[in-house]
Structure formats: structure tokens, C-alpha cells
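In what follows, a single structure is set out as C-alpha cells and then discussed.
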Amino acid sequence: MKPPPFSYHLPGSVEEAVGLLGSLENAKLLAGGQSLMPMLNMRFVLPDHVIDLNGIGALSGISAVEGGLRIGGMTRQRDIEFSDPVKTACPLLSEAILQVGHRQTRNRGTVGGSLSHLDPSAEIPAVCAAVDAEIAVTGPNGTRTIPFAEFPAGYMMPAMEPDELLVSVFLPSWKPGHGYGFEEFARRHGDFAIVSAAALIEAEGGRIKRASVTVSGVGPAPVRLRETERALAGQAGSEELFRSACESARGIEALEDVHAPASYRQHLAAVLSRRALVKAWSRIG
Amino acid sequence: MGETRKIALTVNGKRYAEEVEVRMHLGDFLRQQLGLTGTHLGCEHGVCGACTVLVDGVSARSCLMLAVQADGRELLTVEGIAPNEEELHPLQEAFRDNHGLQCGFCTPGMLTTLIEFLGDNPDPTEREVREAISGNLCRCTGYQGIVAAALDAAQRLKALKQA
Ligand code: FES
Ligand code: FES
């Protein structure tokens, strides 16, 4: 028996879950369990209450809505992998999701779980940063929307109140025919990335009209490479352009840990963002 | 004992009604409470894949699920793969014939993972097999025999279907 003792709650609705979250001391939400369960097994967390969200059907689902996609917090990563609406509205997510763990973990792991856990190298937050996603959270005072740029409040710390619950995420879609690319470097397939990069390009008349470049695993949360994006605007895409535009990624502040020193992450940030851009450019339809 | 709950589930076709401690993970429940020790626990933090079982036909790491979350579900563990006491499942036969196991520690997770995989993808490439088992660690075989066994099993299952 590895997890510490706790009381278990299985609410059937968001209201009930929010009520429990607001009234119980030291409670943890259990979504897909692919991060919380290891932390419980290793006793890195010692909650008095576990509130299991798996009984709330209304939290799952993928729907095409005006201007993009809405994905429920409890939607499994596996369902995203095979979703046609996702392929159409946000192919970047379809590509990135394949790098999230393994099939056995994607079968249970959820979008909301990944976003709330906010691991610095996780893929789903990186995609959210790339498309300027909006996160909907519900608390005792109702639902509010947080632009993804304001969502990470620090290292593995989402800007949600302790009594708020992530209910869904809205991903604005890019124009049909846009280019996208996701690149990742990890020591083994399915491991957490050391660094990953996401790129999106909209072109018009052979020139870049709009670009988004994101790296994750470098800083405490995904970072948009604004300088790179500015350098790309209005230019005709080429290997040379992408190389020079990504050089500035070497200057971003990087984490350092047992897996890789900061300088290595900065190097990967430059290389992977270039590769992601090359891929995105080649896919413009 | 801490807080408990009553759950009812089916494992390998057999119904069970049990009272479980809410903090117990599914892998411990299968092994300690039901005595189904075929499911192995290697790391208990979601890395090795040895504990993989099928929950309503879908693979999951049993160390990353609470036993209470299996309430009302139908599980398949390695004990339920063979058709009867005498015969092996074609996938198990292929493992035996291709040296797909040495110590056998990773085998329950490999088999359950591949049962799901071959169900969805009856004619996989070698690359797809390697990808499918990438979440299962084996410290003995070097994976070669496992990959060969999976490809062989796909052929055996196809032949059975056509027969
Ligand atoms: S014991 Fe569950 S993944 Fe290792
Ligand atoms: S056969 Fe020993 S771990 Fe795979």
C-alpha cells in the first residue's frame, strides 16, 4: 500500500466538485492520474482528500465551435489523437499528442490534468501557448477565462485559485492550409521532452503573414519566441531565414537540471524551433 | 485500515464484489486482494509498463489507477489471456517460440499491451510494434525477441481468422 491515507470523493457534477474543493481542507483533484498517482505512490503529496473527476461526464468532449475547438478538461489524450475535428482545426495538437507518454498513459491521461500539472516540458501546454489558447476554470463564483499567456504563474503553478477547477480549453484555429510543425528531443521515446518546439505559419503570396514559435522545456513554462516571430513576418520562408531567425532562442533564460545544462537547452531551443519552422513551411497547403 | 468502499467488477470473466481501501492502487488490489499475481509491479510510478492491464478493453497502468476506479469495469489481466488451462493464446505461443521472454517480469505487461495493439492493428510493421511497446521496459531480451513474437503473432492471428 503506497499512497498515504485519504478520503475519496466521487462527485457527479462540476458544481458538486467545486463545492467539495471549496469546503475540504488539503484536497487534491484526480483527473487521469498519470501524474498524481505516481506522486501519491511515492508520497510526494499527502492529501487528506482526493476528489475524483472521472465521474463527471460533462467534462469530456471535443467540439468544433466558432473560431476553433473546445476541449473538455477530462478529455483523454487518446481521444484527441484520433479526433477528426482536432486534425482539422488544430493539426499541431494531433502531432504533439503522439509525443505525450505512451498509449497506456494516453488512454487515461487528460488535457486538463496536463494543463493543471503544468510540467515545464509537457506538450499540451506548449500547444496552448502556440495557439494562444484560453483556459476556462470554474470556482465558487462561476466560470472565468484565462488567456494562456497568463496561465503559468510559476514553475508548475497554474494561475488558478485553490478552489477552482479547469473545465475546458478553447484552441483558436489557424486558417485552413496553414503550416504546422512539432519537434521534440527526449532521451527515450515517450519520456518527458528535454526541449520541444512548436511552429505555426500562415502564408500569403509566398510570404509569411503570421508565425508562432514556441519552445518548452527551456524555461519554467512554455515560451513564445517573439523576436523570432517578428523576424519572420513578411519574409519568404527559407532554411536560411529560419536558421537566422531562431538564433535568438540561444539567449532565453534556461533551466538547468540533471538531464541537461542550460546551454544545452538553449542550443536545442534554436535547433528544434528551426526544424519545426522548416516542417511547418513545407506543409503550407 | 483507512477508509474503504465496496466495489463490484469483473476480472477475466469472473465477478468480484470486494471491499477495498480507497487508497489502494489497482495493481496492489489485483495481486494482494484477488491473489492475481500475474500482473507485475516494477516501478509503481508509471514508467515500466509491467503492470499494464486492460480496463474495458483499453490498456492502463494498474499502478496509476485506484482500485475504486475499477468499480463496474471489466478487466483483463495476463491470467485471462489463454483460452483454457491447457492451451496458450497465439500471442503467448509466439512469445515462447521467438524467445520473447527470459525472466518473464515484463511479459504480463507486454502481452496485455500487444493484445490491445494487435486488435487495432492486425498487420503492423516492425516500427509500429516497437512504438507500441515503447512504454514497456524489458531488462533481459533486448526487445528483439519480443518484436519478432509480436510480428509472428499477427500472422498467426490472421491465419486463424481466415481458417
Ligand atoms: S509498475 Fe506500473 S508502470 Fe511500472
Ligand atoms: S524478460 Fe526479463 S524483463 Fe523482460
Quiz item: Between B:Tyr16 and A:Ala64, what is the FRET efficiency for a Förster distance of 45 Å, r being their Cβ-Cβ separation, to the nearest 0.05?
Solution: 0.60
Quiz item: How much length is gained on full extension from A:Thr145 to A:Glu15, taking 0.36 nm per residue of separation minus their Cα-Cα distance?
Solution: 45.1 nm
Exercise. Please work out the Cα center distance from the stretch A:51-112 to the stretch B:73-90, rounded to the nearest Å.
Key: 31
Quiz item: Cross-link partners among lysines for A:Lys87, C-alpha distance below 17 Å, same-chain residues fewer than 8 apart left out?
Solution: A:Lys175, A:Lys279
Quiz prompt | Prolate/oblate/rounded label for the stretch A:7-52 (Cα gyration tensor, a/c 1.5) | solution = oblate
Exercise. Just report the Cα centroid separation between the stretch B:115-163 and the stretch B:5-55, whole Å.
Key: 25
Practice problem: Mind jotting down the distance between the C-alpha centroids of the stretch A:1-34 and the stretch A:164-229, whole Å? | Solution: 32
Practice problem: Restrict the search to the stretch B:1-109; then list the GluC sites (Glu not before Pro) that DSSP places in a loop and that have at most 16 other Cβ atoms within 10 Å of their Cβ. | Solution: B:Glu3, B:Glu85, B:Glu86, B:Glu87
Quiz item: Separation between the B:Asn121 and A:Arg283 pseudo-spin-labels, each 7 Å from Cα along Cα→Cβ, expressed in nm?
Solution: 1.9
Quiz item: Non-local amide H neighbours of A:Lys28 (under 5 Å, H modeled in plane, Pro and chain starts lacking H): which ones?
Solution: A:His49, A:Val50, A:Ile51
Exercise. Among the trypsin sites (Lys or Arg not before Pro) in the stretch B:101-145, which ones are in a DSSP loop with at most 11 other Cβ atoms within 10 Å of the Cβ? Mind listing them?
Key: B:Arg139
Quiz prompt | Within chain A, longest stretch free of exposed GluC sites (Glu not before Pro) [DSSP loop, at most 15 other beta carbons within 10 Å] | solution = A:67-252
Quiz item: Going through the stretch A:4-93, which chymotrypsin sites (Phe, Trp or Tyr not before Pro) have at most 14 other Cβ atoms within 10 Å and a DSSP loop state?
Solution: A:Phe44, A:Phe82
Quiz item: What does the helix-only formula give at 222 nm for the protein assembly as shown: each DSSP H stretch with n ≥ 4 adding -39500 (n - 2.57), the total divided by the residues, and the result rounded to the nearest 500 deg cm²/dmol?
Solution: -9000 deg cm²/dmol
Exercise. Report, ordered by chain and residue number, the aspartates and glutamates lying within cross-link reach of A:Lys28, taken as a straight Cα distance under 12 Å and ignoring same-chain residues fewer than 8 apart.
Key: A:Asp48, A:Asp52, A:Asp163, A:Glu164
Exercise. Stick to the Cα atoms of the protein assembly as shown, pair each with every other, and give me the Kirkwood hydrodynamic radius in Å at one decimal.
Key: 23.2
Practice problem: Using a/c under 1.5 as the rounded threshold, could you call the stretch A:127-187 rounded, prolate or oblate? The axes a ≥ b ≥ c are square roots of the C-alpha gyration tensor eigenvalues, and prolate needs a/b larger than b/c, oblate otherwise. | Solution: oblate
Quiz item: What shape does the stretch B:45-89 take by its C-alpha gyration tensor, where a ≥ b ≥ c are the square roots of the eigenvalues and a/c under 1.5 counts as rounded, a/b above b/c as prolate, and the rest as oblate?
Solution: oblate
Self-check item: Reach of A:Lys209 by Cα under 14 Å, taken over aspartates and glutamates that are not fewer than 8 positions away in the same chain
Solution: A:Glu229
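Laboratory data are not the source of any read-out in this text; all were calculated from the coordinates shown. Everything numeric here is computed off the predicted structure, so don't read it as measured data. Because the Cβ atoms are built from the backbone with ideal geometry, glycine has one as well, and the counts that use them run over all protein chains shown.
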